[in-house]
Amino acid sequence: MADGAETKPSANELAILGELEKKVLWLASWTIHHANHLRENVDGVKVGGHQASSASLATIMTALYFRALRPQDRVAVKPHASPIYHAIQYLLGRQSRQKLEDFRGYKGAQSYPSRSKDTDDVDFSTGSVGLGVAQTLFSSLVQDYVRAHGWGLQRPEGRMIALVGDAELDEGNIFEAILEGWKQGLRNCWWIIDYNRQSLDAVIREGLWARYEALFKAFGWDVVILKYGALLQQAFRERGGERLRQWIDNCPNQLYSALVFQGGAAWRKRLLDEIGDQGDVTRLIEARSDQELARLMTNLAGHDLPSLLEAFGKVDHDRPICFICYTIKGFALPFAGHKDNHAGLMTPAQAESLRAAMNIRPGHEWEKFEGLAIAPAELQRFLERVPFAAGPRRHPAARIEVPADLPVTIQPVMSTQAGFGALLNELGRTKSAIAERVVTASPDVTVSTNLGAWVNRRGLFAREKMADTFKSERIPSTFNWDFSPKGQHIELGIAEMNLFILLSALGLSHAINGERLIPIGTLYDPFIQRGLDALNYACYQEARFILVATPSGITLAPEGGAHQSIATPLIGLAQDGLAAFEPAFVDELAAILAFAFDYIQRDAEGEASERNWLRDETGGSVYLRLSTRPIEQIKRAMTGELRQAIVDGAYWQRPPGPNCQVVVAYTGAVVPEAIQAVGLMAEDRRDVGLLAVTSADRLNAGWTAAQRARERGLVHARSHIEKLMADVPSHCGIVTVLDGHPATLAWLGAVHGHRVRPLGVEHFGQTGSIPELYRHYGIDANAIVAAAAALTPGRPIRHLKALP
Ligand SMILES: Cc1ncc(C[n+]2csc(CCOP(=O)(O)OP(=O)(O)O)c2C)c(N)n1
Ligand SMILES: [Mg+2]
């Protein structure tokens, strides 16, 4: 948005902004005080971490929200500045008094700004430090992606802005993001560092700003250091001022913080002790009262509106900028600067003196203009013209049509990973709306997760064209690696955190850019755990994407023990906002992928469906756990009924007969072992059933929801798994098996009270062939048969061999 620098604020505007700054600080402080001391606190838990941390950002956020920001800008606010954010929205008429009074209470304003749960238009959720920061960077790349494809050009470009705690920069994911941003030609991104030199526990190291400066510059960012406010700058111009500046520049962070806390008299004593023998500077100090001296010495640029407005207003380019703003943690509050102030709360007496200082009458604490020196009508007029609040900020985006069937040629023997590659290859051929909107991303495992054919067809994305030199040099290669603004694959470096945060940004494009994307990210299944917090964060923000994780489990066998995954099916089961599937056959995958294209676009506020008790109309993201194991495919027609059952989570591959003694329930790549075991048992156990579980997650969620519904009086509520299991005789035993943690399916017995022997993988690390590893970890056909024999009475199963 290089649309030229802003005009300077008039004196009147500055005066209004100064009053609003006071009001924001007051409202945020009162909100926290109210939550701690005044509202009935049923659990006795005190709020920590907001008071001092919020005050630190009061001025910066006043400057941004009331003047510098435009409706198209998007901001990630440092978690503990949430009361400041809510106070600003309250003044703008976008937050209710009730929510402030209920801050941190049930359905009140959230402790950390929440895009999904707060009602005052939070752009990006924050809370897990570091993630919101990186989200702004990736949102900026997504904005570029959307515009490069010719979409959303009628809207102005926004700036993606993060308000960053200085200790927040210890989080490694931020540096991973900076590196990726440099590779991708990042623009329109501002990171504003709240350099209060304090973290939660401690005061930070000396000279950190210089490391930041060097680092950001190395990656092509502009760095703007905002250290001294107007008062200090003025004082530096007085005689002796230069000496004062040197003293401040050399003052250790700890000492500065301690003096801020102690106030004017302490400043005077310290300054006179250290530099008071030097005529000019002595006069400079002595010309000021204690109060004036304290005001001068805490006049850092991060608390100086004119300096901030000037710095933000004069940006006339789209290069990424890191602003390092010196601030004081707990600014203007009684515990300002104290190293223990993170969880500091005002005592009732301190709140009283702040109230008096702010001219607020008892009983008028929530009034917007109480105690301010400018007429309410004038302030209100100003607020109504604030540019940030002038336009819509969450956009609607049309749903993209999804075909019921995705074409794919299924080979007689094929893995789900190969099936995924074939499905995307077919999609890549078409000119359909869905094919246009798909955007894939992978952290350096594009080819090894089978996206190669898709990328060959649709190209890689970059703002500048870049030809594949191997192609132009006519060196044969299977892959065409051409970059262009029209490309549809975003190639990332090996950083799974970046993949998830990019998916989070791509998956919010419909609301942020008004242009819907269908993001598909691929990675090796075990490395989900590397980015798990970012995945959780993406789901929490209600970003919509499809995650394809492959290869997975111990089935990747000779690929090596280090790459095996055990816990991921449980992640799929437990992660809110993520529907997890693990198909065994490619036709199942095709049905699930078609469903996923539609599911990630849904956002109705619906109740659970009476059919399967899932919140299908609400939609969510999708996780597909796939495998490289070639599996003999079943030749069958995909009926509507089968498709539905696959999507609901399970179907009978072989229904249990009336005298059924054993059911084998399997998920994913172990299907040949399950089928083989059923065959081996057939002579010695009657009517053995074979249950294909395509989604333990959805089965489990439906089951839980149906139980709740019954407990609330809907006696006929039945989930998909309850219906499937209804005819299984009660004496029947169930052996469950998957290449993942056995707990994933172990709950199946609780549905109707059947005994279960859950097989799965609890240890990992061994390398070998698939049969060797299945035997080693106990998920081969023989292990299934042994489990069935032990679980059910009857004659010995003759094909059972001794277990290793
Ligand atoms: C991933 C993660 N780890 C730990 C925390 C707990 N925590 C919240 S704020 C904070 C440090 C705050 O320091 P800074 O970012 O400098 O903000 P300030 O308190 O100075 O405003 C920590 C450790 C968290 N929110 N997220
Ligand atoms: Mg800090």
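The values are calculated or read from the model by the stated rules, or taken from the named source; none is laboratory data. This structure is a prediction, so every number in the text was calculated from the model and none was measured. Note that we place each Cβ from the backbone using ideal geometry, even for glycine, and neighbour counts take in every protein chain shown.
Some values worked out for this structure:
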| quantity | calculated |
| --- | --- |
| The one condition in (1) within 30 Å of Arg295 (Cβ to Cβ); (2) within 16 Å of ligand 1 (Cβ to nearest atom); (3) not charged (D, E, K, R) that Gly172 fails to fulfil | (1) |
| Among residues of segment 73-94, those that are more than 12 Å from ligand 1 (Cβ to nearest atom), among the β-branched types (Val, Ile, Thr) and not in a strand (DSSP E or B), counted | 1 |
| Elements of type strands (runs of 3 or more DSSP E) contained in segment 641-703, each with 3 or more residues being surrounded by fewer than 21 Cβ atoms within 10 Å (Cβ to Cβ) | 650-654 |
| Answer from Gly158, Gly165 - the residue that is touching a residue at least 12 places away in the same chain (Cβ under 8 Å) and more than 16 Å from ligand 2 (Cβ to nearest atom) | Gly158 |
| Close pairs from segment 482-504: first farther than 18 Å from Val129 by Cα, partner among the polar types (S, T, N, Q) and assigned to a strand (DSSP E or B), Cβ under 6 Å, at least 6 apart | His489/Thr440 |
| Residues being over 11 Å from Ile360 (Cα atoms) and more than 30 Å from the chain's Cα centre (by Cα) - total across segment 22-33 | 1 |
| Some residue of segment 625-632 being in a loop (DSSP other than H, G, I, E, B), modelled with pLDDT under 95 and not acidic (Asp, Glu) | no |
| Sole residue being basic (Lys, Arg) and free of Cβ contacts under 8 Å to residues at least 60 places away in the same chain, chosen from Arg211, Arg187, Arg197 | Arg211 |
| Conditions (1) farther than 19 Å from Asn188 by Cα; (2) part of a loop (DSSP other than H, G, I, E, B); (3) more than 16 Å from ligand 1 (Cβ to nearest atom); number of the one not met by Gly49 | (3) |
| Residues being surrounded by fewer than 22 Cβ atoms within 10 Å (Cβ to Cβ) and within 16 Å of ligand 1 (Cβ to nearest atom) - total across segment 127-154 | 2 |
| Of the criteria (1) under 31 Å from the mean Cα position of the chain (by Cα); (2) more than 20 Å from Thr59 (Cβ to Cβ); (3) buried (at least 19 other Cβ atoms within 10 Å of the Cβ), which one Arg268 fails | (1) |
| Hits in segment 165-199 (condition: within 16 Å of the chain's Cα centre (by Cα) and either part of a helix (DSSP H, G or I) or more than 15 Å from Ala534 (Cβ to Cβ) (or both)) | Glu168, Gly172, Asn173, Ile174, Glu176, Ala177 |
| Qualifying residues in segment 298-335 (those that are within 13 Å of ligand 2 (Cβ to nearest atom) and outside any strand (DSSP E or B)) - the one surrounded by the fewest Cβ atoms within 10 Å (Cβ to Cβ) | Phe331 |
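Table: residues versus (1) part of a strand (DSSP E or B); (2) within 15 Å of ligand 2 (Cβ to nearest atom); (3) of a type outside the set (A, V, I, L, M, F, W, C).
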{"site": "Asp201", "(1), (2), (3)": "no, yes, yes"}
{"site": "Trp209", "(1), (2), (3)": "no, yes, no"}
{"site": "Ala214", "(1), (2), (3)": "no, no, no"}
{"site": "Gln233", "(1), (2), (3)": "no, no, yes"}
{"site": "Leu255", "(1), (2), (3)": "no, no, no"}
